[in-house]
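Take a look at the structure below.
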Amino acid sequence: MRMFLYDARLYFWLISMQIRAQWQYKFNLFLDIVTYFGVTALEIISLLLFFIPFPTLLGWKVGEVALLGSIMSISFGLAELVGAGIDNFGDMVRRGEFDRMLLRPIGAFTQVIGSDFRLRRLGRITQGGAGIVVALWFLPNLHWTLTKVLVLSIGILSGTVIFVAILLLGATICFWTIETTELTNMLTYGAREMLSYPLTIYNLVLQRIFLFVFPVAFGTFVPACYILGRPLPFNMPGEVAFLAPVIALIFALIASQIWRLGMRRYQSTGS
Amino acid sequence: MAIIIEAQDVKKSFRVAKRRPGLLGGLRSIINPEVRTVHAVNDLNIEIQRGELVALVGPNGAGKSTTIKMLTGILVPSGGYVRVAGLKPVEQRRELAAHIGVVFGQRTQLWWDLPLKDSLHLLRHLYRVPEERYTANLKHLSEMLELDEFIETPVRQLSLGQRMRGDLAAALLHDPELLYLDEPTIGLDVVAKARIREFLLSVNAKRGTTILLTTHDMDDVELLCPRMLIIDHGRKLYDGSVTAIRERFGGERILIAVLETALQNQSALQEELPAGVSLLSSQGPRLELSFGQRSLPAHELVAWLGARYPLHDVTFQEPEIEDVIRRIYEEGLLLKEGAGVKKH
């Protein structure tokens with residue numbers, strides 16, 4: 001436990017260095033954030049254009065889909081912000097930086113995740129926040145309660161953890177083979193793209209995958225349904241939205257065990 | 001003296017999958033890989049005492065990096081026994097990391113975009129160096145390495161020599177007992193090289209830090225390391241001093257003599273020369289004689305020459321150690337001797 005606390009403190013040291021380094025180029029950073037905001041806003045706008053010819057998507061109205069997409073943007077943006085170091089892992093191994101990390105008296109994972117903190121991802125997070133405002137404008141009759149705000153927050157955080165864990169799984173594959181980016185991209189960008197729409201438009205196999213294998217839906221679709229008062233697939237009660245953190249932690253735990261396995265393999269092959 | 005590095009019969013073999021060419025081949029390689037085993041390190045025995053300065057020498061691909069990786073706990077050996085600073089490198093990697101410092105000449109551990117000072121400050125936290133010790137060490141290191149002139153500069157703007165000095169400071173902040181250096185002088189100019197060597201000698205002398213370095217620069221070995229290990233094909237070929245290897249394989253030394261007057265009769269001199277000595281060239285008063293290590297002592301040759309001609313000046317040229325090492329790699333001089341690994 002003390003080891004964990006120390007690593008956590010070091011993590012903040014590491015990312016504060018990253019932030020300082022990126023802050024050196026303030027104008028550049030600002031432009032990056034604005035551009036990223038613009039690009040991701042276009043993604044959401046193109047999503048919403050669907051509702052000009054069609055009033056609903058299997059019963060989902062424009063405001064509801066906007067809310068879903070914005071929740072996705074925030075948790076995915078947070079995952080990109082925090083998990084950028086994991087995303088770079090393949091390069092880190094190839095350049096020998098990972099060996100260097102193994103030569104320091106701190107956990108390798110702490111150093112990998114602490115090796116980057118990409119502030120320009122704030123663009124996507126801001127876009128998600130703006131998206132929620134737009135969604136609320138479309139949904140004037142939505143009744144908010146404290147519980148719904150709670151579900152929204154734990155949903156976003158759980159979604160972030162799940163996405164970071166998926167990035168970690170992708171990085172772990174680097175221990176076995178070097179060309180892995182496509183597989184990870186399919187899972188991260190693919191899941192983000194697909195789950196910006198209501199989960200129920202997909203076939204049952206895909207629904208099961210996003211709920212029970214790569215439980216991304218628990219961070220986005222499930223809390224959105226709870227807030228909007230919509231039924232969940234497989235007759236699940238709406239309250240499973242409160243389970244999101246548990247599911248995220250279990251998934252992260254599984255990912256971390258696989259990471260350990262990969263580390264052991266790395267130490268026996270060195271490649 | 002206490003042993004700091006102990007490796008007995010250490011082996012490392014890798015299973016390498018051969019890739020078949022083409023798309024279908026690639027697919028077949030995944031389903032039914034053709035695997036061959038590469039023995040990177042074979043039954044290596046190394047014993048290093050605390051406070052020693054040892055060079056690990058060998059051609060590229062000889063197994064030096066693999067050896068260092070096993071000694072630091074990055075790689076699990078396929079067999080054998082390893083202890084470093086009394087610890088099991090793989091099982092106690094994080095603990096061991098606090099006892100060792102590592103510098104790779106080819107890549108820095110400093111943060112590229114930040115001033116050197118910030119990197120050192122962060123490393124203090126990564127290595128949990130207490131504040132007072134950090135301040136004292138940093139003061140000492142920046143005096144010795146003259147860091148003050150560039151400590152506020154972002155690392156990407158430093159010259160290679162400055163960056164190397166920064167990296168050395170970074171590796172020594174936590175007072176490691178053992179310092180691994182991988183090609184510490186690569187790419188540096190003569191002045192920078194001399195400065196780094198001087199620093200390493202003083203760290204070794206004053207702090208008693210054990211230093212193990214890999215290098216291709218034989219000057220590093222001659223000027224720094226009383227002891228040298230030669231590794232090739234994952235085996236230890238030699239363990240001893242540079243002088244000893246020069247004596248064994250150095251072949252001929254060269255005597256350059258300048259006479260008071262130009263040499264008149266070259267063929268007469270050639271006929272008279274003692275056994276094992278030959279005339280390489282003569283130009284006016286300047287003679288170059290080569291003589292074997294064992295044929296006769298240098299002073300006797302000088303006396304012999306002095307008795308026949310008035311001498312103006314005499315100098316000796318030692319055999320180039322680079323040459324000797326090249327012959328060891330290419331002609332397998334030590335391999336031919338079989339089990340001729342000599343302990344110093």
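Could you estimate the translational diffusion coefficient of the range A:177-217 from the Stokes-Einstein equation, with Rh from the Kirkwood formula over C-alpha pairs, at 4 °C and 1.567 mPa s, in whole µm²/s? Once the numbers are plugged in, D ends up at 120 µm²/s.
With R₀ fixed at 25 Å, the C-beta to C-beta distance from B:Glu91 to B:Arg15 puts the FRET efficiency at about 0.65.
Distance distribution P(r), the protein assembly as shown, all Cα-Cα pairs, bin width 20 angstrom from 0: 16, 37, 28, 13, 5, 1 percent. A cut-off under 15 angstrom between Cβ atoms defines the neighbours of A:His143, and their net charge, with Lys, Arg +1 and Asp, Glu -1, is +1. Put simply, the range B:173-212 fits an ellipsoid with semi-axes of 20, 12, 7 Å; these come from the alpha carbon gyration tensor as the roots of five times its eigenvalues, largest first. Rounded to the nearest 0.05, what FRET efficiency is calculated for A:Asn203 and A:Trp144 with R0 set to 41 Å and r the Cβ-Cβ distance? That gives a FRET efficiency of 0.80. Placing pseudo-labels 7 Å out from each Cα toward the beta carbon at B:Glu222 and A:Arg265 gives an inter-label distance of 4.9 nm.
Apply 1/(1 + (r/R0)^6) to the Cβ-Cβ distance of B:Ile186 and B:Gln49, taking R0 = 35 Å, and write down the FRET efficiency to the nearest 0.05.
Numbers: r = 27 Å, r/R0 = 0.77.
E between B:Ile186 and B:Gln49, to the nearest 0.05, is 0.85.
For the range A:10-51, the average shadow cast by the Cα convex hull is 3.9 nm², which is a quarter of the hull's surface.
State to the nearest 20 debye the size of the charge dipole of the protein assembly as shown about its Cα centre, where the only charges are +1 on K and R beta carbons and -1 on D and E beta carbons. Mind showing how you got there, number by number?
On the way: 63 positive and 59 negative charges, 491 e Å.
Charge dipole of the protein assembly as shown: 2360 debye, to the nearest 20.
Taking each residue of B:86-93 in turn, how many C-beta atoms of other protein chains fall within 10 Å of its C-beta, and what is the average? Per-residue shielding by partner chains comes out at 1.
Which whole number gives the average count of other chain Cβ atoms within 10 Å of the Cβ atoms across peptide A:1-14?
Working: counts 0, 0, 1, 0, 0, 2, 0, 0, 1, 4, 0, 1, 5, 4.
Rounded to a whole number, the mean comes out at 1.
First select every other residue whose beta carbon is under 10 angstrom from the beta carbon of B:Arg156; then total the charges, Lys and Arg +1, Asp and Glu -1.
Details: positive: B:Arg163; negative: B:Asp113.
Counting the neighbours of B:Arg156, the net charge comes to 0.
In this label model, A:Leu31 and B:Glu132 are separated by 5.0 nm, measuring between points 7 Å along each Cα→Cβ vector.
The local environment of B:Val57, defined by Cβ-Cβ distances under 10 Å, has a net charge of -2 under the rule Lys, Arg +1 and Asp, Glu -1.
Simple spin-label estimate for B:His140 and B:Arg207 gives 0.7 nm between the two label positions (7 Å along the Cα-to-Cβ direction from each Cα).
Just from its helices, what would the mean residue ellipticity at 222 nm be for the protein assembly as shown, if runs of 4 or more DSSP H residues each count -39500 (n - 2.57) and the sum is divided by every residue, rounded to the nearest 500 deg cm²/dmol?
Working: 25 runs with 317 residues, N = 615.
Calculated at 222 nm, the ellipticity per residue is -16000 deg cm²/dmol.
The spread of Cα positions in the range B:42-102, taken along each principal axis and listed from longest to shortest, comes to 31, 28, 19 Å. Considering only A:Phe51, B:Gly292, B:Ala136, whose Cα is most displaced toward the positive end of the charge dipole of the protein assembly as shown, charges sitting on Cβ of Lys, Arg (+1) and Asp, Glu (-1)? Going by the charge dipole, the pick is A:Phe51.
For the peptide B:96-107, the mean number of other protein chain Cβ atoms found within 10 angstrom of a residue's Cβ is 2. For the options A:Thr188, A:Thr147, A:Thr126, a Gaussian network treatment of chain A with springs between C-alpha atoms closer than 10 Å singles out A:Thr147 as fluctuating the most.
Dipole orientation for the range B:209-283: of the candidates B:Gln266, B:Thr243, B:Met228, B:Met228 has the Cα lying most toward the positive pole (charges on Cβ; Lys, Arg +1; Asp, Glu -1). Ranking A:Met72, A:Phe37, A:Trp13 by how far each Cα lies toward the positive end of the dipole of the range A:1-104 (charges on Cβ) leaves A:Trp13 at the top. Listed cross-link partners B:Lys11/B:Lys69; B:Lys64/B:Lys117; B:Lys88/B:Lys206; B:Lys11/B:Lys64 are compared with a 24 Å cut-off, the Cα-Cα value being larger for B:Lys64/B:Lys117; B:Lys88/B:Lys206. Sorted largest first, the principal axis extents computed over the alpha-carbon atoms of the range B:84-195 equal 38, 30, 24 Å. Taking 0.36 nm per residue of sequence separation and removing the Cα-Cα distance, the A:Phe50/A:Met236 pair yields an extension gain of 64.1 nm.
Taking the Cα centre of the range B:177-292 as origin, work out the dipole magnitude from +1 charges on Lys and Arg Cβ and -1 charges on Asp and Glu Cβ, in debye rounded to 20. Walk me through the intermediate numbers first.
Values: 12 positive and 17 negative charges, 80 e Å.
Here the size comes out at about 380 debye.
Rounded to the nearest 20 debye, the dipole size of chain B about its Cα centre is 1800 debye, using +1 on the Cβ of Lys and Arg and -1 on the Cβ of Asp and Glu.
Here is what passes the span test in chain A: the DSSP H helices with alpha carbon length of 15 Å or more along the helix axis and a Kyte-Doolittle mean of -0.5 or above are A:2-23, A:26-49, A:62-87, A:122-138, A:146-173, A:181-194, A:244-269.
FYI, it's all coordinate maths here, none of it is from the lab. Bear in mind the structure is a predicted one, so any value in this text is a computation, not a measurement. Note: ideal-geometry Cβ built from the backbone for every residue, glycine included; neighbour counts use all protein chains shown.
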